[in-house]
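Notes follow once the structure below has been shown.
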Amino acid sequence: MSLTLFERPAKPRQRGITMMIDPGLPSAAFADVIASFHPLIDLVKLGWGTALVTPLIDAKTAVLREHAVDFYFGGTLLERYLLEGCVDEFVHLARRHGARHVEVSNGTIPMDQAEKGRWIERLSHEFTVISEVGFKSPERSAQMAPGEWVAAVYDDLATGASLVTTETRESGRSGIATKDGHMRRDALRALLTCVGSDRILFEAPTKELQVELIRSIGPDVNLGNIAASDLIGLETLRLGLRADTLLDFTPQSAHASADPIPAPTPRIAASAA
């Protein structure tokens, strides 16, 4: 009798995306991570404005291109260029490094949804746009009703975003996450009911959020802001090879969350003998 595991699709994946965040790793360590784990990494975000102060940024983007891992600069960096009215300079930066994706957000600067949509539409002519909804401020995000989360995601998709990220910051305690580090169940339920999960990238920098989203949505939920040190751990959570999800995705168990939310039925396939 063979061990059975959830069937993870090969890259390029449309579901079960893992986005690794680089907060400024040393270039040699970064290169080692990408060379070692690139089959597990769908996207890399060079966090916030780190690209402008990383001495060997060319080496980082070169290793990403070498291993066919798509990457983009953090939305906060674009926000700074927007604030100073020099977006063409940002576009030149992305082109120079061979970035095929850009992130458009309004988590910090005063930019309404309509203006954000215009930038998504403009940049989508050249790049694959990943947008972000939610705010860096926990208080401001907490004031967003579930319907506002849904409307913001709809707007971004309608104006040209291919994937929409839900903010939690690197702490996992802002945006669509509560101050105690859990998902806002009302907003999550509204998004899954009205939009679905395929075109949403949920930021989940903590194991608690990763487990919560995998148990609520399924092993092929799209997860972002994953630390390099957590790539293997996350993959074991997806496959039921860690205690937190071991009993959730076996042939004998039916997938169900403590707070039921519509979720796909896990696919089970036999592993190689």
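Of all the numbered requirements in (1) touching a Pro at 6+ places or on another chain (Cβ under 7 Å); (2) surrounded by fewer than 19 Cβ atoms within 10 Å (Cβ to Cβ); (3) part of a helix (DSSP H, G or I), Ser229 misses one, and that requirement is (1). Looking only at segment 9-17, decide whether some residue is of a type in the set (A, V, I, L, M, F, W, C), at pLDDT 95 or above and either surrounded by fewer than 17 Cβ atoms within 10 Å (Cβ to Cβ) or in contact with a helix residue (DSSP H, G or I) (Cβ under 9 Å, 6 or more places away or on another chain) (or both). Among the residues of segment 9-17, not one is of a type in the set (A, V, I, L, M, F, W, C), at pLDDT 95 or above and either surrounded by fewer than 17 Cβ atoms within 10 Å (Cβ to Cβ) or in contact with a helix residue (DSSP H, G or I) (Cβ under 9 Å, 6 or more places away or on another chain) (or both), which makes the answer no.
The set of residues in segment 96-113 that are part of a helix (DSSP H, G or I) and touching a residue at least 24 places away in the same chain (Cβ under 8 Å) comprises His97, Gln113. The residue of segment 71-93 that is nearest to Asn225 (Cα to Cα), among those that are hydroxyl-bearing (Ser, Thr, Tyr) and assigned to a helix (DSSP H, G or I), is Thr76. What number of residues within segment 214-231 satisfy the criterion of being within 16 Å of Ser171 (Cα to Cα) and not hydroxyl-bearing (Ser, Thr, Tyr)? Final tally of qualifying residues: 7. Counting residues in segment 105-118 that are modelled with pLDDT of 95 or more, aliphatic (A, V, I, L, M) and closer than 16 Å to Lys45 by Cβ gives zero.
If the condition is being crowded, with 20+ Cβ neighbours inside 10 Å and among the basic types (Lys, Arg), then segment 59-88 contributes only Lys60. Taking only pairs six or more apart or across chains, which ones have beta-carbon atoms under 6 Å, a first residue in segment 131-144 that is in a loop (DSSP other than H, G, I, E, B), and a second residue that is crowded, with 18+ Cβ neighbours inside 10 Å and small (Gly, Ala, Ser)? Close Cβ pairs satisfying both conditions: Gly134/Ser141; Gly134/Gly175; Phe135/Gly107; Phe135/Ser141; Lys136/Gly107. Among the candidates Asp244, Asp230, Asp248, the residue that is at pLDDT 95 or above and within 16 Å of Phe6 (Cβ to Cβ) is uniquely Asp244.
Taking the criterion of being crowded, with 16+ Cβ neighbours inside 10 Å and among the polar types (S, T, N, Q), the residues of segment 190-206 that qualify are Ser197, Thr206. In summary, strands (runs of 3 or more DSSP E) completely within segment 1-63 and bearing 1 or more residues that are more than 21 Å from Leu239 (Cβ to Cβ), among the aliphatic types (A, V, I, L, M) and touching a Phe, Trp or Tyr at 6+ places or on another chain (Cβ under 6 Å) occur at 43-46.
Can you pull out the residues in segment 14-28 that are of a type outside the set (Asp, Glu) and touching a residue at least 60 places away in the same chain (Cβ under 8 Å)? Answer for segment 14-28, where residues must be of a type outside the set (Asp, Glu) and touching a residue at least 60 places away in the same chain (Cβ under 8 Å): Gln14, Arg15, Gly16, Ile17, Thr18, Met19, Met20, Ile21, Pro23, Leu25. For segment 160-187, taking the residues that are within 23 Å of Val129 (Cβ to Cβ) and of a type in the set (Gly, Ala, Ser), the one that is surrounded by the most Cβ atoms within 10 Å (Cβ to Cβ) is identified as Gly175.
For the condition outside any helix (DSSP H, G or I) and either at negative phi or without any contact (Cβ under 8 Å) to a residue 12 or more places away in the chain (or both), Thr193 does not qualify.
Scanning segment 99-147 for residues that are among the aromatic types (Phe, Trp, Tyr) and closer than 19 Å to Leu188 by Cα yields a single hit, Phe135. Checked against (1) surrounded by fewer than 24 Cβ atoms within 10 Å (Cβ to Cβ); (2) in contact with a strand residue (DSSP E or B) (Cβ under 9 Å, 6 or more places away or on another chain); (3) of a type outside the set (D, E, K, R); (4) free of Cβ contacts under 8 Å to residues at least 40 places away in the same chain, Leu239 meets all criteria but (4).
The values are calculated or read from the model by the stated rules, or taken from the named source; none is laboratory data. Just so it is clear, the structure is predicted and the values come from calculations on it, not from any experiment. Don't worry about glycine lacking a Cβ; one is built from the backbone with ideal geometry, like all the others, and counts go over all protein chains shown.
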